[in-house]
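Below: the structure, in structure tokens.
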Amino acid sequence: MGGKEAFNLVKHDIENGAKVLGLATGSSPITLYNEMTSSDIDFSNMTSVNLDEYVGLQADNEQSYHYFMKEHLFNKKPFKNSYVPDGSNPDAEAATSAYDKIIEDNPIDLQILGIGRNGHIGFNEPGSPLDGKTRKVSLTESTIEANTRFFEDEKDVPRFAYSMGIGSIMKAKKIILLAYGEAKADAIAATVDGPVTEDCPASALQNHPDVTLIIDEAAASKLK
Ligand SMILES: N[C@@H]1[C@@H](O)[C@H](O)[C@@H](COP(=O)(O)O)O[C@@H]1O
């Protein structure tokens with residue numbers, strides 16, 4: 001899907017000096033990561049900062065976002081530093097403030113985003129403050145249900161995550177949002193045509209000066 005288009009934008013930014021990439025998990029960025037791993041770009045002097053991680057999963061847990069990122073990108077293309085929130089730290093205050101410090105020290109040049117069916121970005125579910133920092137969030141039923149496919153049993157799906165806030169996402173210089181498939185059509189319509197509202201966290205992107213949407217026809221099917 002849109003991996004090639006996204007990759008060309010990423011490559012262009014790197015050639016123009018981008019040093020910090022904000023990265024996302026989920027199925028949407030996989031084709032981009034495939035392009036990155038098969039490219040000849042050297043990321044070893046770059047930094048990556050991921051959006052979120054499940055609370056309660058160790059980095060070596062196969063369902064963790066740490067693991068996902070290693071498997072899809074970092075094992076083949078190591079970065080100088082790669083940051084993902086520490087889901088194994090039960091102290092939410094410590095884990096989230098440490099992550100805010102990381103974001104502050106590594107301002108994001110280009111942020112890659114997927115989108116949840118309910119318009120969430122990172123794990124900022126509907127109702128999240130549009131200017132928020134990293135925090136512990138409760139996942140909604142719709143997100144838990146969407147994530148169930150990755151776990152053996154629904155009861156194993158984590159109920160909480162540490163997520164970069166929308167305020168931090170909005171500070172990225174540029175943003176690329178990836179969305180494919182009919183299940184994302186309502187979220188994309190609300191993001192683009194709806195009001196800016198906490199009911200659709202991605203609608204905050206309307207206030208960002210440099211956002212590119214890479215979406216397929218199905219995801220675009222409910223746009224005005
Ligand atoms: N926390 C992630 C999001 O960052 C991602 O955008 C979303 C959509 O995932 P997918 O791309 O698999 O549809 O899933 C999870 O909730």
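The values are calculated or read from the model by the stated rules, or taken from the named source; none is laboratory data. The structure presented is a predicted model; accordingly, all values stated were derived computationally and were not measured. Virtual Cβ from ideal backbone geometry, glycine too; neighbours counted across all protein chains shown. These area figures cover heavy atoms from the full protein model, side chains too; ligands, DNA and RNA do not enter into them. Shrake-Rupley method; radii C 1.70, N 1.55, O 1.52, S 1.80 Å.
I want to confirm something. Restricting to the stretch 117-161 and keeping residues that are under 15 Å from the mean Cα position of the chain (by Cα), basic (Lys, Arg) and within 21 Å of residue 88 (Cβ to Cβ), which single residue is surrounded by the most Cβ atoms within 10 Å (Cβ to Cβ)?
Restricting to residues being under 15 Å from the mean Cα position of the chain (by Cα), basic (Lys, Arg) and within 21 Å of residue 88 (Cβ to Cβ), the top hit is 135.
Would you check which residues across the stretch 98-134 are without any contact (Cβ under 8 Å) to a residue 40 or more places away in the chain and charged (D, E, K, R) and list them?
Of everything in the stretch 98-134, those that are without any contact (Cβ under 8 Å) to a residue 40 or more places away in the chain and charged (D, E, K, R) turn out to be 101, 104, 105, 131, 133.
Which of the residues that make up the stretch 166-200 are surrounded by fewer than 24 Cβ atoms within 10 Å (Cβ to Cβ) and part of a loop (DSSP other than H, G, I, E, B)?
The answer is 171, 173, 180, 181, 194, 195, 196, 198, 199.
Of everything in the stretch 136-146, what is in contact with a helix residue (DSSP H, G or I) (Cβ under 9 Å, 6 or more places away or on another chain) and not hydrophobic (A, V, I, L, M, F, W, C)? Give them in sequence order.
Once the filter is applied, which keeps residues that are in contact with a helix residue (DSSP H, G or I) (Cβ under 9 Å, 6 or more places away or on another chain) and not hydrophobic (A, V, I, L, M, F, W, C), the stretch 136-146 yields 136, 145.
Just for the stretch 176-224: of the residues that are small (Gly, Ala, Ser) and within 14 Å of the ligand (Cβ to nearest atom), which one is nearest to residue 30 (Cα to Cα)?
179
Restricting attention to the stretch 164-186, which residues are touching a His at 6+ places or on another chain (Cβ under 9 Å) and either small (Gly, Ala, Ser) or free of Cβ contacts under 8 Å to residues at least 60 places away in the same chain (or both)?
Within the stretch 164-186, 170, 172 meet the criteria.
Filter the stretch 107-116 down to residues that are more than 15 Å from the ligand (Cβ to nearest atom) and buried (at least 17 other Cβ atoms within 10 Å of the Cβ) and give me whichever is farthest from the chain's Cα centre (by Cα).
109
If the Cβ limit is 8 Å and pairs must be 6+ apart or interchain, which residue in the stretch 16-31 that is at positive phi pairs with which residue that is open to solvent by 10 Å² or more (accessible area, probe 1.4 Å) and within 7 Å of the ligand (Cβ to nearest atom)?
Matching pairs, first to second residue: 26/114.
Being surrounded by 15 or more Cβ atoms within 10 Å (Cβ to Cβ) and of a type in the set (S, T, N, Q) is the filter here, so list the residues in the stretch 46-103 that pass it.
Listed by number, the residues that qualify are 47, 48, 50, 61, 63, 64, 82, 88, 89, 96.
Given the conditions (1) more than 25 Å from residue 199 (Cβ to Cβ); (2) more than 11 Å from the ligand (Cβ to nearest atom); (3) in contact with a strand residue (DSSP E or B) (Cβ under 9 Å, 6 or more places away or on another chain), and given that residue 128 satisfies all but one, which numbered condition is not satisfied?
Only one criterion is unmet by residue 128, namely (1).
Would you mind telling me which numbered condition in (1) small (Gly, Ala, Ser); (2) crowded, with 20+ Cβ neighbours inside 10 Å; (3) within 15 Å of the chain's Cα centre (by Cα) residue 219 fails?
All conditions pass for residue 219, except number (3).
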